[in-house]
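Q: My structure is below; once you've seen it, I'll send some questions.
The values are calculated or read from the model by the stated rules, or taken from the named source; none is laboratory data. Quantities reported herein were computed from a predicted structural model and do not represent experimental measurements. Quick reminder, even Gly has a Cβ in these numbers, built from the backbone with ideal geometry, and neighbours come from all protein chains shown. Heads up: the accessible areas ignore ligands, DNA and RNA and are worked out on the full protein's heavy atoms, side chains in. Shrake-Rupley method; radii C 1.70, N 1.55, O 1.52, S 1.80 Å.
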Amino acid sequence: MTRPDVPLAGVIGNPIGHSRSPLMHKYWLQRYDLLGDYVRLQVAERDLESVVRTLPRMGFVGANVTIPHKTAVLKIADFISDRATLIGAANTLIFREDGIIHADNTDGYGFMTNVRNGAPDWDPKSGPAVVLGAGGAARAIIVALADAGVPQILLANRTRNKAEALRAEFGQRITVVDWVQAGNVLEEAVILINTTSLGMTGQPELRVPLDGLRPGTVVTDIVYTPLQTGLLQKAAAMGCVTVDGLGMLLHQGVPGFERWFGQRPEVDEALRAAVLA
Ligand code: NAP
């Protein structure tokens, strides 16, 4: 397959109208004066395979994948990175010139880079992480935390058996905590991570009692609408170091953009402003 004159990329999901990924990739294309485009692709589950196989023949050099296709796409890819295999989901596809469809997962990279930038004094090895939620995003984050050497992950999820399943899969480093007990383990945390959708615009607030949080604890929310969630506002008032979730979205986009368009893009304030606009 020859490289197209105008390389295209996009984000595949259903629904997809809300995705901010085009704002980010189009900003980078313009900023680095690169030829290319990035579009939203609404694809039904039954059409996923035929669409993914057709895109490279239409000038696409890759794609992001989002809900509900992150797991299904693994069955279509020819090559799956170790990280994506471990997480059981991919968010980035690279359509190679030799026709190979390569699947990777950059969510954990995005999460870690965001937290390391926002809380540079956080040492992952220094103590336990409390993780709220056991959905798709939590899987990537748990793998990244374990990789970084976090000694213990205290995991609380409304549906306890989903947390138990992650413990069975990812090992003894995870201790499952009852959802209603989550507030009682915060004293032990050096970092608290909300991976649930609670606190997002249109969703209920996160009601976990935060009194146990110590000043200086890192608190991050992967929800980024609103940017300052109720959790982050309360944690900041208690003297915690807070990191919002927008940076995770922005940093997870970096490896894909670099592979597709040949330029490693920067995440900075101007990009944040462009994506929030
Ligand atoms: P998901 O797989 O659907 O998981 C949703 C999680 O939220 C589950 O743990 C679920 O618990 C919990 N939850 C939902 N409603 C709840 C409620 N009323 N009470 C208690 N827990 C509740 O979704 P996901 O893909 O992991 O995404 C989670 C959130 O992260 C979304 O808001 C998404 O937009 C955001 N996100 C952000 C980024 C970023 O780059 N910043 C990346 C990925 C996702 P149960 O298991 O009990 O249902």
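Q: Please go through segment 101-121 and pick out each residue that is over 24 Å from Ser21 (Cα atoms) and either in contact with a Lys or Arg (Cβ under 7 Å, 6 or more places away or on another chain) or without any contact (Cβ under 8 Å) to a residue 24 or more places away in the chain (or both).
A: Residue satisfying the conditions is Pro120 alone.
Q: Filtering segment 177-204 down to residues that are open to solvent by less than 70 Å² (accessible area, probe 1.4 Å) and in a loop (DSSP other than H, G, I, E, B), which residue is farthest from the ligand (Cβ to nearest atom)?
A: It comes out as Val190.
Q: Within segment 216-230, is there a residue that is aliphatic (A, V, I, L, M) and in contact with a Pro (Cβ under 8 Å, 6 or more places away or on another chain)?
A: no
Q: I'd like the full set of residues that are part of a loop (DSSP other than H, G, I, E, B), touching a strand residue (DSSP E or B) at 6+ places or on another chain (Cβ under 8 Å), open to solvent by less than 40 Å² (accessible area, probe 1.4 Å) and without any contact (Cβ under 8 Å) to a residue 40 or more places away in the chain, limited to segment 205-238.
A: Correct list: Leu213, Thr217, Val223, Thr229.
Q: Looking at (1) open to solvent by 10 Å² or more (accessible area, probe 1.4 Å); (2) touching a strand residue (DSSP E or B) at 6+ places or on another chain (Cβ under 7 Å); (3) more than 10 Å from the ligand (Cβ to nearest atom), can you tell me which one Phe170 breaks?
A: Failed condition: (2).
Q: Right, something else. Test Val241 against the stated conditions and say whether it is touching a Gly at 6+ places or on another chain (Cβ under 8 Å), open to solvent by 20 Å² or more (accessible area, probe 1.4 Å) and over 30 Å from Leu210 (Cα atoms).
A: No: the conditions fail for Val241.
Q: State whether the residues of segment 30-40 include one that is aliphatic (A, V, I, L, M), surrounded by 19 or more Cβ atoms within 10 Å (Cβ to Cβ) and at pLDDT 95 or above.
A: no
Q: Now a separate question. Count, please, the residues in segment 137-164 that happen to be open to solvent by 60 Å² or more (accessible area, probe 1.4 Å) and either within 20 Å of His69 (Cβ to Cβ) or in contact (Cβ under 8 Å) with a residue 24 or more places away in the chain (or both).
A: 4
Q: Just to be sure I understand the filter: pairs with C-beta atoms under 7 Å, separated by 6 or more residues or on different chains, first member in segment 251-276 and free of Cβ contacts under 8 Å to residues at least 12 places away in the same chain and within 17 Å of Asp107 (Cβ to Cβ), second member in a loop (DSSP other than H, G, I, E, B) and open to solvent by 70 Å² or more (accessible area, probe 1.4 Å). Which pairs pass?
A: As it stands, the answer is Glu258/Arg264, since those pairs meet every condition given.
Q: Continuing with the same structure: So which residues in segment 117-136 are open to solvent by 20 Å² or more (accessible area, probe 1.4 Å), assigned to a loop (DSSP other than H, G, I, E, B) and within 15 Å of the ligand (Cβ to nearest atom)?
A: Gly135
Q: May I pose another question? Among the residues of segment 74-90, are any of a type in the set (Gly, Ala, Ser), surrounded by fewer than 19 Cβ atoms within 10 Å (Cβ to Cβ) and closer than 15 Å to Asp107 by Cα?
A: yes
Q: Can I ask one more? Looking only at helices (runs of 4 or more DSSP H) that lie completely in segment 1-116, which have at least 1 residues being closer than 17 Å to Gly262 by Cβ and among the β-branched types (Val, Ile, Thr)?
A: none
Q: Take the residues in segment 96-114 that are open to solvent by less than 20 Å² (accessible area, probe 1.4 Å) and away from the ligand (no atom under 16 Å from the Cβ); name whichever of them is nearest to Pro7 (Cα to Cα).
A: Top of the filtered list is Ile101.
Q: Find the residue count for segment 239-267, including only residues that are farther than 20 Å from Ala129 by Cα and part of a loop (DSSP other than H, G, I, E, B).
A: 6
Q: All but one of (1) in contact with a Lys or Arg (Cβ under 6 Å, 6 or more places away or on another chain); (2) within 23 Å of Thr201 (Cβ to Cβ) hold for Arg20, so report the exception by its number.
A: So Arg20 meets the others, but not (1).
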